[in-house]
Every structure is written in structure tokens, then in C-alpha cells.
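> Got a structure for you, written out below as C-alpha cells; questions coming shortly.
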Amino acid sequence: MQLGPTNISTGTGAPTSTCGTAPIGSGSLWLRTDGGASTSLYSCAGTTWTAVTIP
């Protein structure tokens, strides 16, 4: 889903694409479909994907 420069995507594994520039701008989210609770969401801050800890 594309919302201006922000992209929300799903897939297996951690994101392998680069982020921070179009079409995957800073603030984009990656929802991992095969991860455990602690590694199921990644956010793009600047140019780096970071796993968001979910309790």
C-alpha cells in the first residue's frame, strides 16, 4: 500500500529492499508474515530498516 512517500508492505523474512527513498520512504513499514511476536514489524528510519519490538 502506497501512502505518498510511505509504503506498507508484507512478506516473509526481514526486508531486503533499501528504504529511505522513493518508492519506500522513511516511515515505511514492513509486516513480516513468518516472524515471531518480537520480529514481526520493521520500520524504516532514515535509510535503515529497524525491527520494532512487540511484547
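> What is the residue count in region 19-55 for residues that are assigned to a loop (DSSP other than H, G, I, E, B) and either free of Cβ contacts under 8 Å to residues at least 12 places away in the same chain or not aliphatic (A, V, I, L, M) (or both)?
So the count comes out to 16.
Residue-by-condition table, conditions (1) modelled with pLDDT of 90 or more; (2) surrounded by 12 or more Cβ atoms within 10 Å (Cβ to Cβ):
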{"site": "Thr12", "(1), (2)": "yes, no"}
{"site": "Gly25", "(1), (2)": "yes, yes"}
{"site": "Gly35", "(1), (2)": "no, yes"}
{"site": "Ser40", "(1), (2)": "no, yes"}
{"site": "Ser43", "(1), (2)": "yes, yes"}
{"site": "Thr48", "(1), (2)": "yes, yes"}
{"site": "Val52", "(1), (2)": "no, yes"}
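> Which pairs do you get when a residue that is more than 9 Å from Trp30 (Cβ to Cβ), found in region 5-18, comes within reach of a residue that is surrounded by 13 or more Cβ atoms within 10 Å (Cβ to Cβ), reach meaning Cβ atoms under 6 angstrom, with the pair 6+ apart or on two chains?
These pairs meet every condition: Pro5/Gly25; Thr6/Gly25; Thr6/Gly27; Thr6/Ser28.
The values are calculated or read from the model by the stated rules, or taken from the named source; none is laboratory data. Computed from a predicted structure; not experimentally measured. Please note: Cβ atoms are built from the backbone with ideal geometry, for glycine as well, and neighbour counts cover all protein chains shown.
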